[in-house]
Structures are given as structure tokens and as C-alpha cells.
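Accompanying notes for the structure given below.
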Amino acid sequence: LEEEENLLSAEVRQQIDHWIAKYPQEQKQSAVIPALHIVQAANGGYLTNELLDEVAEYLQMPPISVYEVATFYSMFELKPVGRHKLSVCTNISCQLCGSDQVVAHLRKRLGIGFGETTPDRRFTIKEVECLGACGGAPMMMVGQTYHENLTPEKIDQILEALK
Amino acid sequence: MNGKFMATPLTQNITPDREPLDIKQYQQVGGYQALRKALREMSPQEVQQTVKDSKLRGRGGAGFPTGMKWSFIPMGDDAPHPKYLIANADEMEPGTFKDRLLMEGDPHQLLEAMIVSSYATQADVAYIFLRDEYKLAAHRLKQAAQEAREQGLLGKHILGSGFSLEFHIHTSAGRYICGEETALVTSLEGKRAIPRQKPPYPQTCGLWGKPTVVNNVETLCNVPHIINHGAEWYQNLSRSEDGGTKIYGTSGRVKRPGAWELPMGTPIREILEEYAGGMQEGYTFRGLLPGGASTDFLVEEHLETPMDFDAVMKVGSRMGTGGMIILDDKTCPVAMVLNLERFFAQESCGWCTPCRDGLPWVAHILQAIEEGRGQMEDLEILEMHTQFLGPGKTFCMHAPGAMEPLQSALKYFREDFEQHIREQHCPWRS
Ligand SMILES: NC(=O)C1=CN([C@@H]2O[C@H](COP(=O)(O)OP(=O)(O)OC[C@H]3O[C@@H](n4cnc5c(N)ncnc54)[C@H](O)[C@@H]3O)[C@@H](O)[C@H]2O)C=CC1
Ligand SMILES: Cc1cc2nc3c(=O)[nH]c(=O)nc-3n(C[C@H](O)[C@H](O)[C@H](O)COP(=O)(O)O)c2cc1C
Ligand code: SF4
Ligand code: FES
């Protein structure tokens, strides 16, 4: 019965255990950020309150402490996102090299702005801070892949390749 | 030993777009020699002393002497254990991308550096605090650690010595403040990343209250070379008082944006012109932030300044991370400062009021000026904020860092600000 009620799959729990092992035994809480990454990935890219509660229980933390973490760190999504997350850097090096045009082009092509998802759930555009690729500005990260020196043509090619 | 090796120890093994050296190749070019030497021939105190003598200063931005930092770690039989060493790989200062280069390009170098540095401070556990977006670095470091464990270079009784080290990669989830060392420690404990009061410094009370060294990735990568070749050799790499080399970066409208390892103290103009190739066609230089977003602007008259901690300080800025951001004449300086202050406002952790409330207010005023709704009094209000949010007024250096580009922009680009207000319009917008 316990198994059935658990929203975290055996595989997810196993992955979390791998992280728990990196910290002293009484400091399971240190695994909360990696655990939320794992749970988020397994849930199609976002977290729900129910999942946060499960993580809290699994790491023996008060639920509020997990909510604090989930709402503080910028990589956690608390509402559904598209299959492909386009994380566009708009910090200074990217701005100097034309991130405004990148944003405008994406807006025109996809009809959505920052924090929005296309109706077909294919794309979400997210504004992010410096990703440490300033020498290749302007840049964006698609899923986990960096794309640098963006131009409208290059963006079109990237979008076309994403189903 | 060839000339290239002598000149650029940190990047000698790095070839862009090529897989990094595996453990066998790394050892063929002298890798893990420093670890062997430290463990077999030197006491932890001797390693510390050599690093002290080298005059290595922290490459995370503040330039604190590394050997001195280590000397605050309690040593000997009475020292509390476990002790920790953390490589700060949260790199998120706009304009800065050197640590990523080092980790992707030569993961074994960082690993060896962390093992030697852990030996020097007698740390029991070492973590890399890595930003989650650096997936390639994570993958390569994990691989490197696996190889090192198999060869007895990491884990229990390293190379048959009495020294053992546990090593883990910890990945984060965004937020600039995580790079501030006490916020980093709090974050590693699984909480919101809120800075802690210093003192006590992490060296005495850090991760889980235990002695902890936090060092930047680039800082650590220097250590094996210092151990291999000595403090004097290291100092001679440099063109100034501070020892060694520095990885300088450039971004903005230069011909060849990128990063280069050069002697510490290389003049700004030389980096801009010889390495970055000067400005792109159609763009003229107006100013630069020498060491990332949180440093004061410098202008044409400062271009002969050597890039080292003291020289840049002397002309009113900071070398910071050495990631130079170049402002051109086609970009509005007000818009540039607005972009920076929006970033800092967004990234305030919210713990103390001047920063949490002051930074959005600053961004708000700058936006009004940029959109042609500014008043002359606004400039005074901005100047007041550079005082209110300056050093000593807030819990950590985030807010003072945010004020640096603003205060210097008000000085060097004053006429641009005033023109926006007089004409109620941004001259760069048609
Ligand atoms: N690399 C990056 O991505 C970023 C770097 N920074 C840089 O961070 C710098 C500010 O860092 P902070 O850690 O706030 O500076 P800080 O001066 O407080 O500390 C620098 C280092 O020296 C040690 N230290 C300083 N005074 C000490 C003392 N009296 N006793 C023992 N240890 C001492 C600290 O523990 C720390 O490790 C700025 O200069 C900025 O350039 C800022 C943002 C991002
Ligand atoms: C807001 C803020 C963000 C910081 N981010 C980083 C960072 O991403 N990487 C880093 O190495 N140091 C960062 N620092 C500096 C660290 O607090 C600390 O000084 C540094 O890691 C010490 O290493 P070092 O002595 O080797 O330079 C930051 C400081 C502040 C105030
Ligand atoms: S200065 Fe800003 S970032 Fe630092 S503790 Fe205060 S609110 Fe947080
Ligand atoms: S400013 Fe965009 S990657 Fe650094």
C-alpha cells in the first residue's frame, strides 16, 4: 500500500539516494536541491505541491523548508512548461551583442514572451541570468545545450530541429 | 619544458573543442606529480608555506591571499573534524566564463589541485559547488574523479600515504548569491542561499559549523604548478607584484571575444588590442568594466593600467574576476547600467532591507531616465543610493558590488544621463 501512495518512483528514489550518500548521514537535507532536479525532470519539467511534500517526507524535512528552496532557486518550475525550454540570457554581455534581437525574433516566431508556453506545449521561453558563455554572446540554452553567437537564421535552424 | 608550458601553466593542456586529457595523458604531461611530491616530500605546513610564498591571491574576485586564508584553518590533533574544502564553481558574474573553460578543458587539473589543497589544510571531504547549467563540466569532472579513484589518487590512503579524501560534486539550481562563500555554504546545507555574518569566517566555522576553505576554481588550479615549480618560478610568470598568470576574458563588441591566460599585470590595452583584436568594424570604444558586472567603469585614459589587483584598485576600480565587458558607442550607457542594476535587483537574496528594496528602486529610476521620464533630481537620488548601499551598509558585498558600475557611470557618462533628462528621450533610440 505504501508503495502505491508514493509519488516518487523507485527509480527516482534510487537517484536521490545516490545524492544523499554524498553528505553526512544526519544531513540528508543537503540533497534537497539535487532531489528537486531529479523529481522535476521525472515530472515533465515542473514541480507540484504534492511532489514537494513527497520530497519533504523522503528527506525528513518540514514541507515549508522544501517550499522555501523550490521558490528561491531559479531553475525550479512551479507550473507546467513546454517540451523545450529556451533559456535566453539577457545579461550585459549578451545585451551588448544583441540579445534584444534574439528575444524579438523568438517572440515573432513563437508568438510568446518570457515565462510563456506555446499552446501546443512545444516551447517555453525563459529569461535567465548569465550562463558563463559571455564570449559567445548572444546565447541561449535549449534544454541542457548551449547555443552561442545567435543570429535569426541560427535560431530558425535550432527551432526547426526541435520537434 | 617548452616555452608555452612556462608561460601558461593553467591552460597548457586545453585545446578548444577537443576532449580533455584523460588520466593517462594527463600523467604523461606531468599530471599528479604535484600530488606525489606533496604527499611524499612535504608536510601540510610546507605546502601552505609554498603557496604563501608564491603570493597567490584569490581569483574569485576579492584577491585575498590564499596561503593566508589556509593558515586560519585549525591544524593538528585538536582540530575539529571533519574539515572541508570547497571549490567555488558557481561562476555567475556577468562577463565571466573562465572557470567553465578550466573545468571543461582540464578536469584533472582541478581535481589534482583540490586533492593537494585538501592535503595542505588536512580536509577530509572536498566538494565542488557547481552551477547546474555546467553539465559538460559536471560530466568531465565525474569521469576524472572515477579515473583518479581507480588509480588510488583519490579516496582512502592516497598513493599509500596516511592521507584520505572523499570527493563529491554538488550541483546547485541558479541564483547569483550562491557564489558568495557563506551563502554557498548555506545552500550546500540544503537551504535558501542567505549569506551569514563574517566573522566568523568559514575557515573556522563553515559547512555544518566545521572548518571550511572556499576557494575559486581558478585559484585552486594554480596550486599544483606552484608545488611543482616553486614560489619563485610562479612569481616570475607575472609582470607585477601579484604572482602568476591570470585568465582574462573579453566580451562585447570586440573582434575576437574570448579568454586568454596571460602574465598577471598585462596592460588592459594589450589585452584589448592584441588578443581581442580591437573593436569590431563600425564600433568605437567608450569604456569597460574590468572584472565583471560588479566593478567600476574604466575609460580610455585608464587603458595603460596593468591588470592586477593593486593597479586596477589604484585607478578606482577592481580587477574582480578579470572578465572585461566592453562598452561601445552604439550602446546607450544608461541602458547598460539599467541592465546591470536589473540583474542585481533580481539577484538580491532579500535578506537585508537596503539591498532588497534599494536595488529595485535604483533600477526603477534608471528605467525612467532611459525612457525619457527622468528628472535632474533623480541623479542625486541615484548618488545617494551609491552611499546607502555602499560597503558596510549591507549584510554582504552584493549591494556594494551593484553600486560600483553605477557610481562610476554617473562620473564618466554624466553627460549621457543629463542628455536623456534634458531631451526626455534616449539619444540611442530613434
Ligand atoms: N566569480 C564570480 O562569479 C563572482 C565574484 N564576485 C567577487 O566577489 C568579491 C567579494 O567576495 P567576498 O567573499 O564578499 O569578499 P571578502 O573580502 O569578504 O572575502 C574574500 C575571501 O577572503 C577571505 N577573508 C577575507 N577577510 C578575511 C579575514 N579577515 N580573515 C579570514 N579570511 C578572510 C574570505 O573568507 C573569502 O574567502 C568581489 O570582489 C567580486 O569581484 C562577485 C560576484 C560573482
Ligand atoms: C554576490 C557574490 C557572488 C559571488 N560569486 C562568486 C562566484 O560565483 N565564484 C567565486 O569564486 N566567488 C564568488 N564570490 C566571492 C566568494 O565570496 C569568495 O570570496 C571566493 O569564492 C573566495 O575564493 P578565492 O579566495 O579563491 O577568490 C562572490 C561574492 C559575492 C559577494
Ligand atoms: S546585501 Fe543583498 S544579497 Fe547580500 S545579504 Fe543583503 S539582501 Fe542578501
Ligand atoms: S552575459 Fe550572457 S552568457 Fe554571460
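Among B:C332, B:C178, B:C355, the residue with the largest mean-square fluctuation in a Gaussian network model of chain B, with springs joining Cα atoms closer than 10 Å, is B:C332.
Bridge orientation summary for chain B: considering DSSP beta bridges with both residues in this region, about 40 percent are antiparallel. First check a/c for the stretch B:23-237, with a ≥ b ≥ c the square roots of the eigenvalues of its C-alpha gyration tensor; if it is under 1.5, answer rounded, and if not, answer prolate when a/b is larger than b/c or oblate otherwise. In terms of gyration-tensor shape, rounded.
Taking neighbour counts of Cβ atoms within 10 Å as a proxy for exposure, in what order, fewest first, do B:W351, B:W70 appear? Please report the intermediate quantities before stating the final value.
On the way: B:W351 18, B:W70 23.
Least to most surrounded, the residues fall as B:W351, B:W70.
How large is log10 of I(q)/I(0) for the stretch B:246-328 at q = 0.11, 0.15, 0.26 Å⁻¹ when the intensity is taken from the Debye formula with one equal scatterer per alpha-carbon? Computed log10 I(q)/I(0) values: -0.22, -0.42, -1.39. Annotation: amide H of A:N149 within the under-5 Å range of A:A137, sequence separation 5 or more or interchain, hydrogens built in the peptide plane. Working note: Karplus 6.51/-1.76/1.60 with θ = phi - 60° gives the stretch B:281-293 the couplings 3, x, 10, 10, 5, 10, x, 7, 9, x, x, x, 4 Hz, where Gly and Pro are set to x.
Of all the options B:S118, B:S238, B:S43, the one that moves most in a Gaussian network model of chain B with Cα springs shorter than 10 angstrom is B:S43. Put simply, the amide H of B:N216, placed in the peptide plane, has neighbours under 5 Å in B:R59, B:G60, B:N88, leaving out anything fewer than 5 places away on its chain. Over the stretch B:23-237, what is the percentage of antiparallel beta bridges among all DSSP beta bridges, to the nearest 5? Just about 10 percent of them are antiparallel. Rounded to two decimals, the Cα radius of gyration of the stretch B:27-140 over 2.2 N^0.38 Å is 1.12.
Centre-to-centre separation between the Cα atoms of the stretch B:87-117 and those of the stretch A:1-62: 28 Å. Across peptide A:92-103, the mean count of Cβ atoms from other chains lying within 10 Å of each residue's own Cβ comes to 6.
Would you mind ranking B:K83, B:K393 so that the residue whose beta carbon has the fewest other beta carbons within 10 Å leads the list?
Values: B:K83 23, B:K393 15.
The fewest-first ordering by Cβ neighbours comes to B:K393, B:K83.
Give me Rg over Rh for chain B, both radii from the alpha carbons and Rh done the Kirkwood way, two decimal places. Rg/Rh: 0.99. Computed 3J(HN,Hα) for the stretch B:300-311, one whole-Hz value per residue from the Karplus formula 6.51 cos²θ - 1.76 cosθ + 1.60 where θ = phi - 60°, is 2, 4, 9, 5, 7, 4, x, 7, 9, 4, 6, 5, glycine and proline marked x.
The alpha carbons of the stretch B:285-430 stretch over 40, 38, 21 Å along the principal axes, in descending order. By the rule of a C-alpha distance below 13 Å, with chain neighbours fewer than 8 residues away ignored, the aspartates and glutamates paired with A:K28 are A:D17, A:E57, B:E189. Mean projection of the Cα convex hull over all viewing directions, computed for the protein assembly as shown: 27.3 nm². In a simple Cβ point-charge model (Lys, Arg +1; Asp, Glu -1; nothing else charged), the stretch B:320-405 has a dipole of about 280 debye relative to its Cα centre.
Remark on A:F123: its backbone amide H falls under 5 Å from those of A:R83, A:H84, A:T118, a criterion applied only to residues 5 or more positions apart or on other chains, H modelled at 1.01 Å from N.
Of A:K85/B:K330; B:K98/B:K135; A:K79/B:K142; B:K314/B:K411, which pairs sit farther than 21 Å apart, going by alpha carbon to alpha carbon? In this structure, A:K85/B:K330; A:K79/B:K142 lie more than 21 Å apart at Cα. Under a point-charge model restricted to the Cβ atoms of Lys and Arg (+1) and Asp and Glu (-1), what is the dipole moment magnitude of the stretch B:23-237 relative to its Cα centre, in debye to the nearest 20? Dipole size: approximately 180 debye.
For the stretch B:413-430, 3J(HN,Hα) computed residue by residue from phi via the Karplus equation (6.51, -1.76, 1.60; θ = phi - 60°) reads 10, 3, 4, 5, 4, 5, 4, 4, 6, 4, 8, 6, 5, 7, x, 8, 9, 7 Hz, glycine and proline entered as x.
GNM remark for chain A: springs join alpha carbons under 10 Å apart, and the peak mean-square fluctuation among A:V128, A:V12, A:V81 falls on A:V12.
What ranking do B:R175, B:R356, B:R57 get, fewest neighbouring Cβ atoms within 10 angstrom at the top?
Details: B:R175 22, B:R356 15, B:R57 26.
Arranged by neighbour count, lowest to highest, B:R175, B:R356, B:R57 become B:R356, B:R175, B:R57.
No value in this document is a laboratory result; all are computed from the given coordinates. Given the structure is predicted, the values throughout are model-derived calculations rather than measurements. Counting neighbours? That spans all protein chains shown, and the Cβs are built from the backbone with ideal geometry, glycine included.
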